[in-house]
1. Looking at region 266-287, which of the residues that are of a type in the set (Phe, Trp, Tyr) and crowded, with 21+ Cβ neighbours inside 10 Å is nearest to SER479 (Cα to Cα)?
2. Which pairs do you get when a residue that is outside the structural domain of SER56 (by TED's automatic domain parsing), found in region 26-42, comes within reach of a residue that is crowded, with 20+ Cβ neighbours inside 10 Å and among the acidic types (Asp, Glu), reach meaning Cβ atoms under 6 angstrom, with the pair 6+ apart or on two chains?
3. When PHE112 is evaluated against the numbered criteria (1) among the aromatic types (Phe, Trp, Tyr); (2) surrounded by fewer than 22 Cβ atoms within 10 Å (Cβ to Cβ); (3) under 20 Å from the mean Cα position of the chain (by Cα); (4) part of a helix (DSSP H, G or I), which criterion, by number, is the only one it fails?
4. If I filter region 53-74 down to residues being of a type outside the set (Ser, Thr, Tyr) and without any contact (Cβ under 8 Å) to a residue 40 or more places away in the chain, which single residue comes out as farthest from ILE185 (Cα to Cα)?
5. Tell me which of these VAL366 doesn't satisfy, since it passes every other one: (1) in a strand (DSSP E or B); (2) over 19 Å from the mean Cα position of the chain (by Cα); (3) within 14 Å of ASN203 (Cβ to Cβ).
6. Being outside the structural domain of LEU334 (by TED's automatic domain parsing), part of a helix (DSSP H, G or I), more than 29 Å from the chain's Cα centre (by Cα) and not aromatic (Phe, Trp, Tyr) is true for just one of GLU446, GLU486, GLU470. Which residue is that?
7. Do you know which residues across region 471-482 are closer than 11 Å to VAL455 by Cα and of a type in the set (Val, Ile, Thr)?
Amino acid sequence: MRLKIRLFPKKKTEIKEERISNLIQMLDASVSRCPQNTALVFGAKNISYQDLKGYSKKLAVALRRLGVKEFDKVALWLPNCPEFVYAFFAILRLRAIVVPINDMFKREEARFIIEDSAAKVLICSVDKAPDAQNILSRLDTLEHIICNPAPRGNPVILDFSTLIKEEKGDVGEAKIEEDDLAEIIYTSGTTGRPKGACLAHKNLLSNINDCCSIITAKKNDCFICILPLFHSFSSTVCMLLPLSRGARIVIMRGVKRFKRVTRAIFNHRVTIFASVPSVYHILGEARIPRFKLLVNIFTNPVRFYVSGAVALPLTVWKKFVKRFHRPLLQGYGLTEASPVVSLHPLKGKKKPDSVGVPLPSIEVRVVDSKGSDVKRGEVGELLVKGPNVMQGYYNLEDETKEALKNGWLYTGDLVKIDKDGFIYIMGRIKEMINVRGLNVYPREIEDTLYRHPRVKEAAVVGAVHQHRGEVPVSFVVKSNSVTEREIMSYLRANLASYKVPLRVVFRDGLPKNLTGKVLRKELQKEVKNIFNERGVQDSV
């Protein structure tokens, strides 16, 4: 099945009208329109658009002095902070390339990305300084470390703030082409070593443009950024998109102390909130006094919420919307697509168990294992084509050829699309479980488990039984007292017999990465440890 959805009307936006062809032009256009408007809020700091541009230009001068040239790579190993944004645009001003690194990475994980990308400069936080210096001593390609702030008495590491204060002059206007790379974002590596997805200026601008045409963000909107900026979802939706409109961004380090997030929402009148399903699950389950909840409903400044990174369970959506009375728009994307592929419309028909419909400039197909289009409503691999699709994987020719064929991005995600063009995620191809020749999709079992009133979270993986072949095994986080027998009885009443898991394993929590994606490899290892004595082996 091949679809080019037009549920979202394709309309002109400010970016197209101004003929903006790169991200620096995008930012500078916002600065011209509203120089004194607040761009970034971080704690007690309020940084205007004019100051954001000024800081990025000063840092660009410093990077140029350190030898950064066109197409060089500069790695950012920073938590959420204004300096991440300054550095991002400083690098682009030199026609150089940003390489974000997961702030949770340990030394060797970060070293792999710095070495693989051949980054010339590393900008990091002070807690990373010892690891950064160790990496510097081992890599010939890495020449300088800039720290925010630099540790005292260390002559090797440069101080971020000092560079900005001391630099004068201008780097001029680099001739940045729309096909130039802006970022190399490394995938999470859940299926192997991380791969660097090469995203050009035009890829990111296209995605920003499409998203803006749907959620109608304006300069008087205020976004809150609680997701890590090194992640493609947060980078595009929580940083680049609002900056393209002249909107405000409230930057926060995370959600560990959610009272601070709630306070920021009301104090700064946040209107657009983007996060991941685990956050909406917590909010939907949190015990809030009825009076306080009613007050929050009527005074809540948020216009709508956006959920991305991983699929949102239907039960989580229902509980959240019932409690907060605001639209919760689920979307789908992947790093290789800059990243947003589909999103629910703000107005009109909604199907909360789906991830919405493709963005205006994106085409999608659903194909079988032979690459042939399947019938509407049938399950197959999702293919994506559009100006948002990456240029390829950095220095990985074979992997690029496997992912990009005839202009189509092979996502590896199993989906089905209904008659209205709404996309439903069924899981990853590698996660599909073959039970006696029948396809079983973990997402279907997980959705069934989520409907049980005593199931808080659920995940399903495949395991190989020495007599039965491949079988599903479920992991459950329960909210109240419930037995394995009760869960199994419930599943048998709601699923075909071949879909019912062999076992239900109770856990206190599921292993996840920063964006809430369940680390299924960890569960696969646990399956092996738990069931070895019973003849069940790891299927990976």
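The values are calculated or read from the model by the stated rules, or taken from the named source; none is laboratory data. Please read these numbers as outputs of a predicted model, since none were measured by experiment. We place every Cβ from the backbone using ideal geometry, glycine too, and count neighbours over all the protein chains shown.
1. As a first pass, look at region 266-287 and keep what is of a type in the set (Phe, Trp, Tyr): 266, 273, 280.
Add one more test, that the residue is crowded, with 21+ Cβ neighbours inside 10 Å, and what stays is 273, 280.
Details: PHE273: 27, TYR280: 16 Å.
Among them, the one singled out is TYR280.
2. Matching pairs, first to second residue: none at all.
3. Going through (1) among the aromatic types (Phe, Trp, Tyr); (2) surrounded by fewer than 22 Cβ atoms within 10 Å (Cβ to Cβ); (3) under 20 Å from the mean Cα position of the chain (by Cα); (4) part of a helix (DSSP H, G or I) one by one, PHE112 breaks only (3).
4. Step one: of region 53-74, the residues of a type outside the set (Ser, Thr, Tyr) are 53-54, 57-74.
Then drop every residue that is not without any contact (Cβ under 8 Å) to a residue 40 or more places away in the chain, which leaves 53-54, 69.
Working: LYS53: 23, GLY54: 26, LYS69: 20 Å.
The extreme case among them is GLY54.
5. (3)
6. Numbers: GLU446 fails: more than 29 Å from the chain's Cα centre (by Cα); GLU470 fails: part of a helix (DSSP H, G or I).
The match here is GLU486.
7. So the first thing to find is which residues in region 471-482 are closer than 11 Å to VAL455 by Cα, and the list is 475-482.
Correct list: VAL476, VAL477, VAL482.
Residue-by-condition table, conditions (1) in a strand (DSSP E or B); (2) charged (D, E, K, R); (3) in contact (Cβ under 8 Å) with a residue 24 or more places away in the chain:
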| site | (1), (2), (3) |
| --- | --- |
| GLU183 | yes, yes, yes |
| PRO194 | no, no, yes |
| CYS198 | yes, no, yes |
| SER206 | no, no, yes |
| ASN209 | no, no, yes |
| SER213 | no, no, yes |
| LYS218 | no, yes, yes |
| LEU227 | no, no, yes |
| SER234 | no, no, yes |
